[in-house]
Amino acid sequence: LTGVLDDCLCDIESIDDFNTFKIFPKIQKLQERDYFRYYKVNLKRPCPFWADDGHCSIKDCHVEPCPESKIPVGIKAGSSNKYSKAANNSKELEDCEQANKLGAVNSTLSNQSKEAFIDWARYDDSQDHFCELDDERSPDAQYVDLLLNPERYTGYKGPSAWRVWNSIYEENCFKPRSVYRPLNPLAPSRVFNLGSVCLFSWIGLCLEKRVFYKLISGLHASINLHLCANYLLEETWGKPCWGPNVKEFTRRFDPVETKGEGPRRLKNLYFLYLIELRALSKVAPYFERSVVDLYTGNGHEDAESKALLLDIFRDTKSFHMHFDEKSMFAGDKKGAKSLKEEFRLHFKNISRIMDCVGCDKCRLWGKLQTQGLGTALKILFSEKEIQSLPENSPSKGFQLTRQEIVALVNAFGR
């Protein structure tokens, strides 16, 4: 894949070089930090759009929750949490016997981290979100260690998976007519359309709506690429072998196999990268303030994490071929407000569709990456609020919850 991206003054080779040598090594290190590796998610929320057809029974999709006795007391302690030296020096809790099975979502936590979660909640302040947020107080919400639960192919496919993606694309009424979609495997020609019926063509489609479609397509491409790159190739005597599946990659992205759509899907992935990169550069002033900490309770690690994040922000600002959102979010004040609301409602519905994913591992990463992109959009629509933030007091005009911060960094890492 080469050349210039549409709607950007940026070429693919420049993005590759910038990411490979500057961003990727640092973002990987950041994702390993305690603040960014634990994500709280409710994988039991019912699908709001159609009757649940049951979760897939594939073992690699399965979530085995930790027994109550294994849940760290700091998470259950409510407001009584105080960070202690004993917790900081203790070894990791014994892994849940079942949760560490291949492919299962492992919600085991270390003692070092367990007492920090209540304190993290003090940064969480509900805002004008682009995503349907999980209720973190729900008894079904649990912390998941993302490093122990990598995004990879679980075997989840077929009509159930197709219905989710079809609903996402139907909810997005901003797509061109020429987009090739696979034939509906659902019987008999039943289409799940959650939005109004639209006719699609790039002709007359404004930049903003082209951007929206490309972001959804880029998110889809990102997820598919990770499934192809980390695929269960074989399993002998209970020992799985994971690795790249070139045949599957070809099926999803080859121009012949996809009627010319594959390369466009990959270009949309690069476009998604640029949008989230731009959001990181725009949100830097929020984190540069001394009042904002990446709080886990371990002062030394917290300081290192913030220093690394600020270093990444400096790199994002050094990239001179950003997507120029000024051309996108321009126009009269009333029109811009209406466009933001249209974006927000479309994207919020897409985030709700993620609760219809039957595979828990896929649902976890789908929810996280959707929330990350929604956070990026929230940032790009809030430039004035970010620029006017007070230096030494909590911000009322613009606020990010810890969940949004974790999702933004990990989605960009994907």
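Things worth noting here:
- The H on the amide N of Trp242, modeled in the peptide plane, is under 5 Å from the matching H of Leu233, each at least 5 residues off or on a different chain.
- Nitroxide proxy distance, nm - points 7 Å out along Cα→Cβ at Arg251 and Val292: 4.3
- Only protein heavy atoms count here; on that basis, with a 1.4 Å probe, Trp165 has an accessible area of about 40 Å².
- Between Lys259 and Asp7, the simple spin-label model (points 7 angstrom out along Cα→Cβ) gives 2.2 nm.
- Net charge of the neighbourhood of Phe36, taken over other residues with C-beta under 14 Å away and scored Lys/Arg +1, Asp/Glu -1, is 0.
- In this label model, Thr20 and Glu301 are separated by 3.3 nm, measuring between points 7 Å along each Cα→Cβ vector.
- Cβ-defined net charge surrounding Tyr270, 14 Å radius [Lys, Arg +1; Asp, Glu -1]: -1
- When the surface is traced with a 1.4 Å probe over the full set of protein chains, Lys44 keeps roughly 140 Å² accessible.
The values are calculated or read from the model by the stated rules, or taken from the named source; none is laboratory data. All of these numbers come straight from a predicted model, not from anything done at the bench. We place every Cβ from the backbone using ideal geometry, glycine too, and count neighbours over all the protein chains shown. Each accessible area value is taken on the protein alone, full model and side chains, heavy atoms only, with ligands, DNA and RNA left out. Shrake-Rupley method; radii C 1.70, N 1.55, O 1.52, S 1.80 Å.
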